[in-house]
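All remarks here apply to the structure that follows.
The values are calculated or read from the model by the stated rules, or taken from the named source; none is laboratory data. All values derive from a computational prediction rather than experimental measurement. Cβ placement follows ideal geometry from the backbone for every residue including glycine, while neighbour counts extend to all protein chains displayed.
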Amino acid sequence: MTTTTYEPTAPEPELRRRGVRVGDLLFRGVAVAAALAATVLLGLIAWKVFDLARPAFQDFGLSFVWTEAWNPVTNDYGALIFIYGTVVTSLIALVLATPLSIAIALFLTEMAPRRVAGPIATMVELLAAIPSVVLGLWGILVFGPWVRDHLEPWLKDVLGFLPMFSGDPSQAGILPAALVLTIMIIPITSAICRELLIRVPRDLIDGSLALGSTRWEAIRGVMFAYAAPGIAAAVLLGLGRAFGEAIAVNQTIGNHSVIPSSWFAPGDSLGSKIASSYAGATSNLEASSLLYLAAILMVISLFANVSAQFIVVRFERARRGL
């Protein structure tokens, strides 16, 4: 008769008995640390920018925002010229890029054959890989002369009764810079919109078609309604890219410190002014004023991101109500 001996089992670790795994704790710690690091880094950058801008804020106060002058000789500075250039070029780019990006996404997801959609999607996304300085050089050397010789004269003939289209054509100005920005934000917006439209459940679209909807009605009433929050976020992400762009705009906007009456005329933007003038600042007050411009740009970007979150939440609530 054989006897069986039982070896005492090792006690389970305390964390395992409580239902907690070391790997889960490690993962949670790394995730929390990464989130805190990003938050702290953003806070430090904002603090440093605002701290360096303090001398200009103490001298000019909030009137800096609506003052047009920028004169290093008399130490008279203001941001209105550059805020105008940033907002106008970014909004023009947004208005032009949004329908084009959505149309590209629709074509690639709903109309193009699979063997064609892949290469076209790759080519569109490759536009985002072009360095901004290269795109800026192309804009001022190739695209700018075409805009001056063909597009702007046509706009002047058709819409010359409007002040923004009544100036003399120029290869460097508000309009050429806005068109270059449009090219830069289309790849980002169209790629995100394409991913969103692909993820729309096909059953919803097929059900709408089965109920008698046309293809356009199914796209408009079902696909767009389902993907609307993400599309809004993609559009505002592109707007944020347009706000922050400096090099390409610096090469195509003309760098003229005045608010132009026509979009054909040269102007300037926040990012362009900071990129072109900070290294050559002739006084501490001018350098501080440039940092003041950077602080304003950060506030504008923050406002755009908060607006994006607000719009996404509103779209989500409206979709759930449907």
message = What's the number of the only condition in (1) surrounded by 11 or more Cβ atoms within 10 Å (Cβ to Cβ); (2) within 30 Å of LEU179 (Cα to Cα); (3) out of contact with any Gly (no Cβ under 9 Å at 6 or more places or on another chain); (4) not aromatic (Phe, Trp, Tyr) that LEU94 fails to meet?
response = (3)
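Taking the options LEU41, LEU36, LEU62, LEU26, name whichever one is among the hydrophobic types (A, V, I, L, M, F, W, C), farther than 23 Å from ASP268 by Cα, modelled with pLDDT under 90 and not assigned by TED's automatic domain parsing to the domain that holds SER283. Give the steps one after another, and end with the answer.
Details: LEU41 fails: modelled with pLDDT under 90; LEU36 fails: modelled with pLDDT under 90; LEU62 fails: farther than 23 Å from ASP268 by Cα.
The conditions single out LEU26.
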key: Any pair with Cβ under 8 angstrom, 6 or more apart, that starts in the stretch 174-201 at a residue that is outside the structural domain of VAL133 (by TED's automatic domain parsing) and ends at one that is modelled with pLDDT of 90 or more and in a loop (DSSP other than H, G, I, E, B)   = none
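Here is a check on your reading of the model: is LEU293 assigned by TED's automatic domain parsing to the domain that holds ARG202, buried (at least 18 other Cβ atoms within 10 Å of the Cβ) and hydrophobic (A, V, I, L, M, F, W, C)?
On the way: assigned by TED's automatic domain parsing to the domain that holds ARG202: yes; buried (at least 18 other Cβ atoms within 10 Å of the Cβ): yes; hydrophobic (A, V, I, L, M, F, W, C): yes.
Against the criterion (assigned by TED's automatic domain parsing to the domain that holds ARG202, buried (at least 18 other Cβ atoms within 10 Å of the Cβ) and hydrophobic (A, V, I, L, M, F, W, C)), LEU293 qualifies.
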query = Out of curiosity, is PHE143 among the aromatic types (Phe, Trp, Tyr), surrounded by fewer than 21 Cβ atoms within 10 Å (Cβ to Cβ), under 30 Å from ILE296 (Cβ atoms) and more than 15 Å from the chain's Cα centre (by Cα)?
reply = yes
task = Six or more apart or on different chains, Cβ under 6 Å: which pairs go from a residue in the stretch 152-165 that's closer than 14 Å to PRO176 by Cβ and not assigned by TED's automatic domain parsing to the domain that holds TYR84 to one that's assigned to a helix (DSSP H, G or I) and not hydrophobic (A, V, I, L, M, F, W, C)? Could you list them?
result = none
task = Scan the stretch 273-291 residue by residue and report those that are under 21 Å from ILE253 (Cα atoms) and hydroxyl-bearing (Ser, Thr, Tyr).
result = SER276, SER277, TYR278, SER289
query = Which condition breaks for LEU80 when tested against (1) under 14 Å from SER190 (Cβ atoms); (2) touching an Asp or Glu at 6+ places or on another chain (Cβ under 8 Å); (3) not acidic (Asp, Glu)?
reply = (1)
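Pick out the one residue from GLY207, GLY254, GLY240, GLY267 that is at positive phi and either surrounded by fewer than 23 Cβ atoms within 10 Å (Cβ to Cβ) or touching a Gly at 6+ places or on another chain (Cβ under 6 Å) (or both). Walk me through it before giving the result.
Values: GLY207 fails: at positive phi; GLY240 fails: at positive phi; GLY267 fails: at positive phi.
Just one listed residue meets the conditions, GLY254.
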note = With the first residue restricted to the stretch 285-301 and required to be touching a residue at least 40 places away in the same chain (Cβ under 8 Å), and the second required to be buried (at least 19 other Cβ atoms within 10 Å of the Cβ) and outside any helix (DSSP H, G or I), Cβ contacts under 6 Å at 6 or more apart or on different chains are SER288/ALA53; SER289/TYR77; LEU291/ALA53; TYR292/ALA53; LEU293/ALA79; ALA295/ALA53; ILE296/ALA79
